[in-house]
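*Asks:* Could you have a look at this structure, given as structure tokens, before my questions?
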Amino acid sequence: SILPRGVTVLFTSNRPAEALYERGLNRKYFLPFVALIHTRFSNLALAAAADYRTLRPPNGAPAPLSAEACGAAEEGRVFAPRARGGFYHGASAGVSLRRAWGERLGSCAAPPPLQLEVGFGRQLRVARTAPGEAAWFEFAELCEARPGEPARGAPDFLALASAVRTVYLNGVPRLDVRQRNEARRLVLLVDALYEARCALHVAAEAPLAELLSPLLDGGGADTMMAGAEVAVDDAGAASLPFSVAPVGGRYSVDGELASFFTAKDEAFMLRRTLSRLTEMCGPQAEY
């Protein structure tokens with residue numbers, strides 16, 4: 001409706017138009033938009049071997065913004081520079097993260113806990129806060145299913161990203177195929193914080209390059225599907241090659257796949273998460 005009004009639209013995607021919402025529910029209703037992209041827009045493929053999020057500036061630090069650019073950022077006319085966090089790994093990672101948290105607190109008293117409205121009558125409690133809209137969480141609080149508590153998901157993480165500017169995340173394990181659901185929640189959490197331009201400080205068991213490698217290097221379809229929290233039709237999975245075998249999905253009563261989530265999709269999202277973490281956590285995120 002905006003194109004006839006003479007509005008110029010520019011947008012980016014990490015997938016070509018024909019792959020947008022691929023295998024999505026009722027995708028036939030989305031296809032006219034794909035046709036619109038091909039007929040009304042100039043499509044430019046900007047493929048590159050380099051992941052520019054992982055490249056450091058030549059001098060090791062981002063170039064400072066000009067006074068004009070700083071003023072535009074303050075007025076909301078352009079994005080402000082992304083605040084960098086930190087990535088600590090190994091036996092002393094938790095100690096390093098607590099030290100960074102202590103520096104954040106300084107001599108100030110910790111602000112009171114936050115109770116965030118998530119929706120549907122649910123709330124997210126932020127028990128540990130620090131000045132400057134900062135919050136501390138254990139990985140298990142956000143990404144693991146805990147007895148007697150609802151599993152966290154995208155609405156929780158969006159509420160968190162809208163309420164704080166910095167998150168300290170402690171105790172991230174090296175995730176394997178038995179923790180696929182936890183890995184998916186980590187993906188959702190990073191996506192929400194990244195889009196909100198929040199800073200993220202992480203204490204992890206393994207270096208960033210190894211954090212998700214068991215999932216990315218994992219074995220066959222049976223292993224990939226282990227521990228999934230959603231129902232998948234075995235016959236449907238067995239009839240497809242591994243790269244498109246569903247690792248999550250649900251079939252409707254007429255047998256049509258209502259939601260189709262493949263190993264290929266999952267690997268794409270995990271790699272994107274590693275890339276985003278590299279950008280968010282800065283030079284400490286050794287790759």
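*Asks:* If we keep just the residues of the stretch 137-158 that are charged (D, E, K, R) and surrounded by 15 or more Cβ atoms within 10 Å (Cβ to Cβ), which is farthest from Leu114 (Cα to Cα)?
*Replies:* Looking at the filtered set, the residue picked out is Glu144.
*Asks:* Go over the candidates Glu141, Glu149 one by one and state the one that is more than 17 Å from the chain's Cα centre (by Cα) and either part of a strand (DSSP E or B) or of a type outside the set (A, V, I, L, M, F, W, C) (or both).
*Replies:* Exactly one of Glu141, Glu149 is more than 17 Å from the chain's Cα centre (by Cα) and either part of a strand (DSSP E or B) or of a type outside the set (A, V, I, L, M, F, W, C) (or both), namely Glu149.
*Asks:* Right, here's the next one. Which of the residues spanning the stretch 25-72 are assigned to a helix (DSSP H, G or I), at pLDDT 85 or above and among the aliphatic types (A, V, I, L, M)?
*Replies:* Correct list: Leu31, Val34, Ala35, Leu36, Ile37.
*Asks:* Considering only residues that are over 13 Å from Leu46 (Cβ atoms), open to solvent by 80 Å² or more (accessible area, probe 1.4 Å) and β-branched (Val, Ile, Thr), look in the stretch 1-21 and name the one that is modelled with the highest pLDDT.
*Replies:* My answer is Thr8.
*Asks:* Return the pair list, or none, for Cβ contacts closer than 8 Å from residues in the stretch 18-30 that are over 16 Å from Met269 (Cα atoms) and among the hydrophobic types (A, V, I, L, M, F, W, C) to residues that are assigned to a loop (DSSP other than H, G, I, E, B) and open to solvent by less than 80 Å² (accessible area, probe 1.4 Å), at least 6 apart or on different chains.
*Replies:* Filtered contacts from the stretch 18-30: Phe30/Leu20; Phe30/Gly24.
*Asks:* Consider the stretch 152-172. How many of its residues are of a type in the set (A, V, I, L, M), closer than 17 Å to Ala135 by Cβ, within 15 Å of the chain's Cα centre (by Cα) and assigned to a helix (DSSP H, G or I)?
*Replies:* Matching residues across the stretch 152-172 total 4.
*Asks:* While we're here: If you go through the stretch 99-113 one residue at a time, how many are open to solvent by 50 Å² or more (accessible area, probe 1.4 Å) and either outside any helix (DSSP H, G or I) or among the hydroxyl-bearing types (Ser, Thr, Tyr) (or both)?
*Replies:* Result for the stretch 99-113: 7.
*Asks:* For the stretch 173-187, check the following and say yes or no: at least one residue is of a type in the set (Lys, Arg), farther than 21 Å from Leu97 by Cα, open to solvent by 30 Å² or more (accessible area, probe 1.4 Å) and within 16 Å of the chain's Cα centre (by Cα).
*Replies:* There is at least one residue in the stretch 173-187 that is of a type in the set (Lys, Arg), farther than 21 Å from Leu97 by Cα, open to solvent by 30 Å² or more (accessible area, probe 1.4 Å) and within 16 Å of the chain's Cα centre (by Cα).
*Asks:* I'd like the full set of residues that are in contact with a Phe, Trp or Tyr (Cβ under 6 Å, 6 or more places away or on another chain) and not β-branched (Val, Ile, Thr), limited to the stretch 164-207.
*Replies:* Correct list: Tyr168, Leu169, Gly171, Leu188, Leu189, Ala192, His201, Ala203.
The values are calculated or read from the model by the stated rules, or taken from the named source; none is laboratory data. Model, not experiment: these values are computed from the prediction. Backbone-built Cβ (ideal geometry, glycine too); neighbour counts: all protein chains shown. Only protein heavy atoms, including side chains, enter the accessible area calculation; ligands, DNA and RNA are left aside. Shrake-Rupley method; radii C 1.70, N 1.55, O 1.52, S 1.80 Å.
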